[in-house]
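Please treat every number below as a calculation from the coordinates, not as lab data. Treat the numbers as computed from the prediction; the structure is a model and nothing was measured.
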Amino acid sequence: MKAKETKDSIRHFDSRAENWSRLYQRASFKDRRELFIGLAKKWFGDKSQVLDYGCGSGVLSFELGRNGFRVVAVDASPGMIARARTESACGSNTTPTFECIDPHAWFDEPREFENIVCSSVIEYVEDDQAFMRQLSDIMKPGGSMLISVPNATSLIGRLQDGLLRFRSILGTQDRKKDVSYANKRYTKQGISTLSKNAGLEVLEATHFEIPKLGSWCIPLSRNYLVGVMTLFVLKKNS
């Protein structure tokens, strides 16, 4: 990601930090959390170490901790990390380690993690192939990664993109929306190619989320033409 784009995105998510955790009160975000935790319990070793890269306000980090994982959580947004630390100090019985990082320099230091969680990050990164390699490089052989991305085959996602382009032409696009800062959507084949080039293998994929609709639509969101997001399980070659 270019320096200016990085600063713009960080500023945007700083502005959303105070209320970010409240998103997970919505049915679609509760479903997201349950999907991540269910797959973590399926693919990660018991009590293994997990890096939550792009942790936001720490919702998934805390939930992973409650399920016995040892969590290191990092984010480039100072506001998000401050929010996560505040919530940690307010009585949570889990103790993820939260760190605000410079995304351009953090990978320069030697690091190693058993497993990685990366929720809705890669679509904001300019060089997604380099980013995928960086994540792979710090994961132990045989480790697993859960990574969620916008689904390019979703008809609802395409409608969102069309509205974004139309509003941009009219000059009425709301830059407060997350989708305004996301650069791309991904097909399963696209993620498979990025993963293979980084020494990773796609094991499974789950589509999810229909914006602003209730729990009744969760089964419908599993369809690849509907769910606006996809959660992939990747495995690093031993």
Under 5 Å from the placed amide H of N151, counting only residues 5+ away or on other chains, we find Y186, M229, T230
Interchain or sequence-distant (5+) residues whose placed amide H lies within less than 5 Å of the amide H of F98 are A73
HN-Hα couplings for the range 42-49 via Karplus (6.51, -1.76, 1.60; θ = phi - 60°), in whole Hz with x for Gly/Pro, come out as 7, 10, 8, x, 4, 6, 6, 7
With 0.36 nm assigned to each residue of separation and the Cα-Cα distance removed, C100 to K42 gains 18.0 nm
From the cross-link list K47/K196; K188/K235; K30/K212; K188/K212; K42/K236, the entries with a Cα-Cα span beyond 22 Å are K47/K196; K188/K212
